[in-house]
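Contents: one structure, followed by commentary.
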Amino acid sequence: MRWWLIFSLSGYSVILLVLLVSVYLFAVFRVAVRSQKIEVEHPLTSSLYYMMFYYVSPFLGSAAALISSVGIGNVLQRLVTIAVGSLVSTFVVWIVLDPVIGLLEMLLPAGLAHRRERLSRARALREKQKQDSERLLGEIMEREKLANLQREEILQPLADELAELLADHEQGCKDAQVRAIKLGAQAWRLGGIGCMRQLRDAAVGLYRSRYPHYRHVDYVSVWWAGIGSWFEPGLSESLCR
């Protein structure tokens with residue numbers, strides 16, 4: 001039966017170890033929360049004397065258990081008693097007493113008034129940040145809209161020329177592709193892929209409205225493959241756009 005005794009002692013020790021680790025991890029979390037406490041709302045728990053008592057409470061429990069275990073001759077039993085005393089004092093102070101005191105502090109009139117004012121300021125700050133973000137987004141959209149209108153004015157003659165190049169290509173003109181590539185490079189330098197797409201769409205729309213009897217094949221996307229980040233679409237993508 002010795003192996004069963006060893007197993008029992010080991011299991012008991014593991015449980016104590018897990019409890020101690022859990023309590024200390026909770027204490028780390030409480031310390032992080034404590035650093036955000038405001039003295040007006042927590043006059044007691046944010047004071048120096050209470051914080052000293054808070055941090056030394058495990059050692060106080062160990063000292064009390066050490067005193068109570070003076071008559072115990074078994075060293076292992078004495079160590080277990082000290083560990084249990086530290087665990088109990090830590091649990092009572094950190095997990096039971098401290099939250100209760102913090103809750104009572106929050107119910108004080110001065111703390112409640114300060115908390116309402118602080119939450120009101122935080123809410124007003126969030127609202128202001130939201131309004132600033134919406135205003136900034138509106139300005140960006142307005143600038144983008146203005147930039148699109150300016151690009152439309154610049155791209156209009158290029159779109160007319162590109163539409164005619166599409167028609168010339170249908171009639172067998174070999175120089176249409178060379179000139180179309182130059183127009184695509186010019187659009188890329190003007191505004192990148194967005195400007196190229198805008199020019200292509202405008203030119204294809206003009207081409208379809210002027211020459212409805214021609215085939216509607218998007219030769220422009222094929223010609224512009226390799227310009228900037230423009231890629232060549234597949235056959236099914238370039239037909240009947």
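Annotation: aspartates and glutamates with alpha-carbon distance below 19 angstrom to LYS145 (same-chain offsets under eight excluded): GLU134, GLU153, ASP201. Scalar couplings 3J(HN,Hα) for the stretch 74-89, obtained by applying the Karplus form with A = 6.51, B = -1.76, C = 1.60 to θ = phi - 60°, are 6, 5, 5, 5, 5, 5, 5, 4, 5, 5, 5, x, 5, 5, 5, 5 Hz; x denotes Gly and Pro.
Spin-label model, ARG115 to ASP168: label points 7 Å out along the Cα-to-beta-carbon direction sit 7.8 nm apart. Extension gain, ILE101 to PHE53, is 15.9 nm, computed as 0.36 nm per intervening residue step minus the present C-alpha separation.
A short reminder: the numbers here are calculations on the coordinates, not readings from a lab. In this text the structure is predicted, and so the values were computed from the model without any measurement. FYI the Cβ positions are ideal-geometry reconstructions off the backbone, even for glycines, and counts take in every protein chain you see.
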